[in-house]
Each structure stands twice: as C-alpha cells, then as structure tokens.
Amino acid sequence: MRYPPIDCRHTFAVALAAAIAGILAANAANAANADASAPAVTALECGHLIDTANGKMLGATTIVIEGGRIKEVVNGAQAPAGAKTIDLGTQTCMPGLIDAHTHLTDQTSRTGYVDKFHWNVADYAVRSTVYARRTLLAGFTTVRNLGDMDNESIALRNAINAGILAGPRIYTAGKAMGTTGGHADPTNGYREDLAGDPGPADGIINSADDAAKAVRLHYKAGVDLIKIMPSGGVLDESSSGDNAQMTLEEIKAVVATAHDYGFTVAAHAHGAEAIRRAVIGGVDSIEHGTYMDAEDMKLMVEHGTWYVPTIIAGDFVARQSKVPGYYPPQVAAKAAAIGPLIQATAGRAYKAHVKIAFGTDAAVYPHGQNAHEFELMVGAGMPPMFTIQAATINAAQLLKHDKELGTVAAGKIADVVAVPGNPIDDISLMKQVSFVMKDGVVYKLNSTAVDPGS
Ligand SMILES: [Zn+2]
C-alpha cells in the first residue's frame, strides 16, 4: 500500500527508528567516548587555504578549532601550544562542500522502478545511512535534500544531528510537491487500482488551497524548506519532461505559505515557460533549468533567483538511456533528449550573470561521485575558483546559512575539507578529498575514513 493510513505510518516510523538504532548503537557509544577524550583545541596546518569570500588562494594557513567552531585563522604554520595539530602541509584546505541538490534516501539502479512495489519506507531509510556516509566522505559536509519517498530524510537528518550517524548536515524538503500526473506524483505509470489519487498529504496539489495545506502538512512533519515541480521531469513514467505542470496561482500560493513559515522554495523546472512562472511566482532557486531561455535568465537576474544546474545528472541519464532496459522506454526517451543539454545551458547562464549554486541531483547517479560536477562546470566555461565558490559561499547563501557556513573564518562552524594539491590548476582533484572535518570532528584523514570515536 503506497498510501497507508495514519496507524501504518506510525508502524513504519517505529520500524525505521529500530533499524537505525540497532545498526548504529556502536557508533553512538564511540561518539560519546570521543567527547570525553578529545583535546579542547585542534589546529589544522594547511599548505594553502581557499578564501571563498574573495575567490583567492592563500598560502600556508593555520585554522584553530574549539568546540566545533573556528576560533581563529592565522597565517603560516602556527599551531597554539597544547593544541592537537593536524599536518595538512601538502594540501589545500577549503570550507566543507555543500551540495544544494541531493536525494540521500534513494539511488539509481536497474531495478529501481520495480523496487517501489517491494520496499517499505524503512528499506529506503536504512540504505540512506550508507549514502549519507559516502557523501560526507566525498567532502560534502552539508546538503539540501530535495525530495524523498515519505519524509524519511527527516529521520535521517535527526539521527545525524544527534550524532548517531556519520553524514552531512541535512536541510530537507521532505516529499516534493507537484500536481496530479506531474513529476512529483509517485503513482505515475502504476496500474490504476494500485495508484489511487494522492492529495496534499502526499504532496499532490491541484489548487491554491491544496498548496497551502501541503506546505502546512510539511511544516508539521518537520521539513526545512519546500520543493516543487512546476515542470515535467525525466525519471517519472509520464510523457513530457518539460511541460508546465503548475499554474502561476498554485506556485504563488506555495511561495506565500512557505514564506509565512520561514521556508525557501526550490523549483525543479526544465521548460522555459515553467521556469518563467516559477521565477515570477517568487521561488528561491531553479533546479536543472534545461530549456532556460534568454528571457528566463534576465528574469532570474532581476529577481535574484538562484540556478542549480545539476549537469552530472543530465550527463549520467543521457549515457544510461543508451543501456537497453536500464530505464522504462518513456524515461529513456526523455533522458536522451534532455540530459545532454544542461551543460550548455549552465554555460550560458554563467555568462548571463545568473547566480549559480553547486548541486548534483545525487541519487540520479551513484552517491559519493558528487565532485565530478566540478569538472562538468569547468567544461561549461566556469572558472575553477567560481565552481568552488558555488559549492561553498554561494550554496550557503542559497540556504540562508552563510553566517555559519561556506567560508573559513573565526566564529563559523568548523567544517573544513582538503585536497592533495592545487584544485585551481587541476579541478579533478576535487574528486580526491583527503581530509574531512564536520562540526570540528574528523571523519577522514590521509584519504582514509576515520571512526570519529577513535
Ligand atoms: Zn532532484
């Protein structure tokens, strides 16, 4: 049953909590030990530091960390006396990376469309714990999660925040919202008697009133932001990947209600008309934006709307569309048409001075490969330094958390990653993150995962 009554949802939640608690109890115990024995001050002696606020590569720099925050940033190798010193002298440090478009609770596979009929929410939740760890170890200390099956990413976020699980800091939209038969409708392609008619509780809206109710139900569920689907999409089993699927009135109702609750709104949109409506409707970001035209770009600059290209997702689905049987036929046709176009759109948007934040649509391709997006952005014509700013200070601004994230400076949250060498000379080094610290805790050192308890 895809849409269980309230009692069944409760049962799912209990199963989910039990699964996470059972698997990870040992990690929790280790984390508790770490707190007791960790030195009060840690110093990272970096060969170089990327100043993301000014787009500059600095020389040798020491980052001093205390209590999960950056205490001070000083020139040279100058660890204070008594500090636990970590030698990153051959490496380039930068703020923890931010992926502004992930789906941590799912992942592409040949059986993904059939799995939906066999798996419960707990199955997605348990797998998400592995994907979250992989994402963190790839250097992504924060993500914006833009859609899950049944709000299981909220439980994942809470378990990570509680220190039970290793994973990125998650800002989640819960379930995505859209219209009947649209990209967010989880029943597209199902047999009619199995599909039912999902409504606002499942994120499916067909009026301004439905939109307000859906946002309020998401608020009640504990989301951090709202994700909408104003256009068709590639991976659902319907015919169009780019048609306009929400009215301007529906979009405006989502945005107005979301802003009442302090939420930003991210809009998946491939078609030019859907992008136009979303921007005029007041959304904060356009995701994918494949057929974005000059008028859309002008409107986005005027409205200050962010663009999150997700080139890697387009690249991956275009390649997989050629693998016989990997996607259902309708999906393969859309993937072959839309996938290859995103990179060129991203290049045009950069030239048109549209604000760009880094995001990948992780799940559409395997988790942990997020950093390949850097090379694809450079391939689109963006300077390497800009792509790193897109994944740090820009993405932090999009999240409205730039006071805490996105730069290495005194007072900020101690999220720091490093790569071996100079990524401005060779952007592919971003795929070789060798050091990961989140909230002052080391998760990767010398290119090796570290148990934070040891
Ligand atoms: Zn997505």
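With a simple spin-label model that places each label point 7 Å from the Cα along the Cα-to-Cβ direction, the separation between His401 and Asn158 comes to 1.8 nm.
With all protein chains kept in place, the per residue accessible area of the chain amounts to 39 square angstrom at a probe of 1.4 angstrom. Segment Asp197..Asp209, full-extension length gain: 2.6 nm, with 0.36 nm per residue of separation and the alpha-carbon distance subtracted.
Take every DSSP beta bridge with both residues inside the chain and express the antiparallel ones as a percent of the total, to the nearest 5. Let's see the in-between values first.
Values: 30 of 60 bridges.
Roughly 50 percent of the DSSP beta bridges within the chain come out antiparallel.
Hey, could you get me the Stokes-Einstein D for the stretch 131-213, Kirkwood radius over alpha-carbon pairs, 20 °C and 1.002 mPa s, rounded to whole µm² s⁻¹? Working shown, then result.
Details: Rh = 14.3 Å.
Calculated translational D: 150 µm²/s.
The alpha-carbon of Lys84 sits under 30 angstrom from the alpha-carbons of these lysines, leaving out residues fewer than 8 places away in its chain: Lys56, Lys71, Lys403, Lys412, Lys431, Lys438, Lys444.
Give the carbon-plus-sulfur fraction of the accessible surface of the chain in %, rounded to a whole number; probe 1.4 Å, heavy atoms of protein chains only. Carbon plus sulfur share of accessible area: 53 percent. Spin-label model, Asp115/Thr90: points 7 Å from Cα along the beta carbon direction are separated by 3.8 nm. The long axis of helix 6-37 is offset from the longest Cα principal axis of the chain by roughly 10 degrees. Computed 3J(HN,Hα) for the stretch 185-197, one whole-Hz value per residue from the Karplus formula 6.51 cos²θ - 1.76 cosθ + 1.60 where θ = phi - 60°, is 6, x, 9, 4, x, 7, 4, 3, 6, 8, 6, x, 9, glycine and proline marked x. For the stretch 174-215, backbone nitrogen atoms closer than 18 Å to the point 7 Å from Ala256 Cα along Cα-to-C-beta are found at 205-215.
Partners of Lys213 within straight-line reach, counting lysines whose Cα lies under 25 Å from its Cα and excluding those fewer than 8 residues away in the same chain: Lys175, Lys227, Lys252, Lys400. How far, in degrees from 0 to 90, does helix 329-338 lean away from the longest principal axis of the Cα atoms of the chain, to the nearest 10? Here the helix axis deviates by roughly 60 degrees. Overall, the anisotropy analysis places the stretch 33-106 in the oblate class: the square-rooted eigenvalues a ≥ b ≥ c of its C-alpha gyration tensor yield a/c not less than 1.5, with a/b not exceeding b/c. Sequence-ordered 3J(HN,Hα) estimates for the stretch 139-155 from the Karplus curve with 6.51, -1.76 and 1.60 and θ = phi - 60° stand at x, 9, 8, 9, 9, 9, 8, 10, x, 9, 7, 8, 6, 5, 5, 5, 5 Hz, glycine and proline given as x.
Were the residues from Asp293 through Arg216 laid out at 0.36 nm apart, the gain over their Cα-Cα distance would be 24.4 nm.
Nearest 5 percent is fine: what portion of the DSSP beta bridges confined to the stretch 176-297 is antiparallel?
Details: 1 of 10 bridges.
Antiparallel: roughly 10 percent of the beta bridges in the stretch 176-297.
Suppose the chain between Val301 and Leu58 were pulled fully straight at 0.36 nm per residue; how much longer would it get relative to their current alpha carbon spacing? Show your work: numbers first, answer last.
Details: separation 243, 0.36 × 243 = 87.48 nm, distance 3.07 nm.
Result: 84.4 nm gained on full extension.
Taking the alpha-carbon centroid of each part, what is the distance from the stretch 215-279 to the stretch 47-87 in angstrom? Measuring centre to centre over Cα atoms gives 40 Å. When the Cα positions of Val126, Pro198, Ala449 are compared along the charge dipole of the chain, Ala449 comes out farthest toward the positive end, with charges on each C-beta of Lys, Arg, Asp and Glu. Angle between the Cα long axis of helix 121-137 and the longest principal axis of the chain, 0 to 90 degrees, nearest 10? Between the helix axis and the principal axis of the chain, the angle is about 40 degrees. Within a straight-line Cα-Cα reach of under 17 Å, Lys322 can be paired with the following lysines, leaving aside sequence neighbours fewer than 8 residues apart in one chain: Lys334. An oblate overall shape is assigned to the stretch 194-337, the ratio a/c of its alpha-carbon gyration tensor axes (a ≥ b ≥ c) being 1.5 or greater and a/b not exceeding b/c. Inter-label distance, Asn243 to Leu445: 5.7 nm, where each label sits 7 Å from its Cα along the C-beta direction. The packing ranking of peptides 388-394, 338-344, 421-427, highest mean first, is 388-394, 338-344, 421-427, where packing means the average number of other beta carbon atoms within 10 angstrom of each residue.
The values are calculated or read from the model by the stated rules, or taken from the named source; none is laboratory data. Remember, predicted model here, so these are calculated numbers, not experimental data. Every residue, glycine as well, gets a Cβ built from its backbone with ideal geometry; the counts of neighbours run over all protein chains shown. For accessibility, only protein heavy atoms count, side chains too; no ligands or nucleic acids. Shrake-Rupley method; radii C 1.70, N 1.55, O 1.52, S 1.80 Å.
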